[in-house]
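Computed from the coordinates by the stated procedures, all read-outs in this text should not be read as laboratory data. These figures come from a predicted structure and were not determined experimentally. Quick reminder, even Gly has a Cβ in these numbers, built from the backbone with ideal geometry, and neighbours come from all protein chains shown.
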Amino acid sequence: MNNTRRLLLVILLIVETAIARSQNLSWTETAPGVWKVVAGQPEAYDLIKASGATPNKEALAAIAQASFPLSQSDISIKVVDGKTYLRFPLQKEEQLYGFGLNFQTVHQRGKISQLHVDHYGGKDNGRTHAPTPFYVSSKGYGVFINSARYLNIYAGTAVRKDSKTAPVVKDRNTDKSWSSRPYSDAVEILVPAAGVEVYVFGGPTALDAVRRFNLFNGGGCLPPRWGLGFTQRVKSLYTSEEVKKEVAAFREKGYPLDYIGLEPGWQSKSYPCTFSWDSVRYPNPAGFVQELLKENIRVNLWTNPYVSPDAPFYKAIIPYSSSHTVWNGLVPDLTMPQARTLFFDQLKSNQVAMGVSGYKIDEVDGYDHYLWPDVASFPSGITAEQMRQTYGLLVQRYSEEIYHQQNKRTFGLVRASNAGGVSFPYVIYNDYYNHEDFITALINSGFSGVLWTPEARASKTSEEWLRRFQTVIFSPMAMINAWASGTKPWSYPEVAEPIKQLALLRMQMMPYWYSAFARYHFEGIPPFRAMNLEEGFVPEIKKESGSANLEENPYAEAVSKEIKDQYMAGDYLLIAPLFAGQQTRKVVLPKGKWYDFYTGAFVGDGQVITVTPGLDKIPVYVKDGAIIPMMKPLLHAPVAGERVDLTVRYYGEKPGKYMLYDDDGETYNYEKGDYSWREIKVEKDKSGKLKGTISASVKGKPNTVGNVTFEFMTK
């Protein structure tokens, strides 16, 4: 009998394997340029369901048409022993980008990782704040695995015996080019579930694939104008009077400020949290918030979602929380309506109702030693692993819903996200503090459907402080996070003036930043992104010779120098930061003429330049024909209905065209069509003289533009 059972099990395994191998994949175009296949029995809970993301099919249809970008016969998906095995082909000259918010590497070919929500620990191994299971190819397509599991990724690392383009076998004894990591022609992914949804995004360019991914997930967020201003997070145990004193100092010293961040001390207890105002430090919270609002200063509150026994709703939420606690606080099961009602209603009634404008949601990423373990259970039946992968999505989704109900936009901070979170108005941050790696993360954020801030906290020297502040200004959130240090913009007196000028430059450029975020929302174009997505960008080719270099990157056919210290900001700007101790650096310019942002002088065309900008300047370069709309350096973002005069900078020689976005800057009325685009053009008239024009405002639509003047930067 036992032998018979064993035989039957062997036969069933052989049949199951044969079925898996012979599976015919049926790809369906579910949105323009987006194809889907369903393998096995996908789990009911996934990233798209957790986020509630809805494709913007109209915007997807506006992108250039694309055909299925891969050879379908070379794609393999098998379900064996309750797990799903995916394989996608790779060409020899193909590079890969993405696989989440990496901090040290842009090129991902040749990497092995496990995509796992966690605090970033110093290595690009898949454990990060946003382990988005989406990758982009230099060949102009993208692949997304819609699973809320820990995925094992082999991004061109293993060689199959049936490989169509197997590497050449080499003799280590005599061949110095031998490598322990030979060339591989496939991306292989292991999903620990008996089925999964897979999406392929067409191009024709890598940027088009990224745009399709973003639009498939609802399009990027559109922050309120004030969210693109300047923010200061104060020390943890500040009182309301100390906060008001700090706000007054910004005003008196002439530094811009749009919103102030309160850290754990605003609560009566934290770690775990009561979500109740501390009556000593904040005796009149509603009056405090309203007083700051009258000065055009918004309040953002730190919190984590772990419920203290002293929280007023503690007992009520016990049945809707995890088996395990975090810092002895309950972990609400936010997939359950009952838990969401108890948790988010108290935020709405006790904070948002009095005028609080947003949240910094902490500690939803890791580490393993303080978050719930994978053996934890949740009353909804969602596994601990799935909850770990999506908790950041859930807190973003349902906190924004509060503001959506009130028709007031928010902009905040969060420690974890994932695929599906593209449209949420949150910027990722962490406790890591390596400046160079912060810039690499900013570059990678554009491949991952998230925003990242290279925040400033404190520095060892005034030089480091200024260099950090320069990159803060050219990022999604201009922020000093002084919860521990108490640092102010003027804390380093020898650079206080250039810091002020940078902060004011951030405000001057608000029309440019706002239009860039509008394109993120309506067109899916990341406002901050890698050079690899820029047309005409050809990185320096890195010649491989010998096993030492091959160990660093074994794919000589796909090798170019990894550019991880310069990036694109908006349509026209190339940002090339310097770090403490640097006086010069190389900048790789894409093909086409480029000009200095500050002077308008020509700097190069498709070449590598070496620059020495001095301490006060961060190198910024502008495309030929670029138009940069700027406003006066106000100390606060314009309020709804406020008109501002514009100075439109033009660079270069080519005719220029720019679409300036406008709405009320504060509500969600743009979702109902209450917005406009105005065309700005610069071209030569019959006499050869440059002339700038802006189209008329749209009747019945918001119009915040006052007088417009043009400044022709290139002489």
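What the table shows:
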| quantity | calculated |
| --- | --- |
| Rg and Dmax [Cα atoms of the stretch 338-410; Å; Rg one decimal, Dmax integer] | 14.0, 40 |
| Neighbour-count ranking [beta-carbon atoms within 10 angstrom, fewest first] of LYS244, LYS689, LYS684 | LYS689, LYS684, LYS244 |
| Equivalent ellipsoid semi-axes - Cα gyration tensor, the stretch 225-528, angstrom | 31, 23, 18 |
| Value of Rg/Rh across the stretch 64-111 [Cα atoms, Kirkwood radius] | 1.04 |
| The stretch 23-216: Rg to Rh, with Rh as the Kirkwood radius over Cα pairs | 0.97 |
| The stretch 627-712 - convex hull of alpha carbons, volume per residue in Å³ | 99 Å³ |
| Helix-derived mean residue ellipticity, 222 nm - over the chain, DSSP H n ≥ 4, -39500 (n - 2.57), to 500 | -7000 deg cm²/dmol |
| All-pairs alpha carbon distance profile, the stretch 598-670, 5 Å steps from 0, percent | 3, 11, 17, 17, 16, 13, 11, 6, 4, 0 |
| Packing-based ranking, highest mean first, of 169-181, 617-629 given that Cβ atoms within 10 Å are counted | 617-629, 169-181 |
| Net length gained if the chain between ASP374 and ASN669 were fully extended (0.36 nm per residue, minus Cα distance) | 102.0 nm |
| Net length gained if the chain between TRP490 and ASP645 were fully extended (0.36 nm per residue, minus Cα distance) | 52.9 nm |
| Net dipole in debye of the stretch 225-528 [+1 Lys, Arg Cβ; -1 Asp, Glu Cβ; about Cα centre; nearest 20] | 720 debye |
| The stretch 314-367 versus the stretch 195-239: alpha-carbon centroid distance in Å | 23 Å |
| Where N is the number of residues in the chain, Cα Rg divided by 2.2 N^0.38 Å | 0.98 |
| Estimated inter-spin distance, GLN607 and THR341, nm [label 7 Å along Cα→Cβ] | 6.9 nm |
| Residues ASN284 and VAL698, FRET efficiency given R0 of 41 Å [Cβ-Cβ distance, rounded to 0.05] | 0.40 |
| Highest average packing first - 463-473, 113-123, 397-407, Cβ atoms within 10 Å | 463-473, 113-123, 397-407 |
| Residues THR105, THR54, THR335, sorted so that the one with the fewest Cβ neighbours within 10 Å comes first | THR54, THR105, THR335 |
| Over the chain, relative contact order from alpha-carbon pairs under 8 Å, at least 6 apart, % | 13 percent |
| Residue order, fewest to most surrounding Cβ atoms within 10 angstrom, among LEU371, LEU451, LEU262, LEU342 | LEU342, LEU371, LEU262, LEU451 |
| Inverse mean reciprocal Cα-Cα distance (Kirkwood Rh) of the stretch 564-715, Å | 17.3 Å |
| At 0.692 mPa s and 37 °C, Stokes diffusion of the stretch 406-520 via Kirkwood alpha-carbon radius, µm² per second | 217 µm²/s |
| Positive dipole terminus of the stretch 627-712, leading residue within PRO629, VAL639, GLY688 (C-beta point charges) | GLY688 |
| Approximate spin-label separation VAL708-LEU190, in nm, with each point projected 7 Å along Cα-to-Cβ | 5.8 nm |
| Charged-residue dipole, Cβ positions (Lys, Arg, Asp, Glu), the stretch 627-712 about Cα centre, Debye nearest 20 | 520 debye |
| Point-charge dipole on Cβ atoms (K/R +1, D/E -1) for the chain, about Cα centre, debye to 20 | 740 debye |
| Per-pair calculated FRET efficiency, R0 = 60 Å: GLU679 and SER177 via Cβ, rounded to 0.05 | 0.65 |
| Rg over Rh [alpha-carbon atoms, Kirkwood Rh] for the stretch 459-501 | 0.93 |
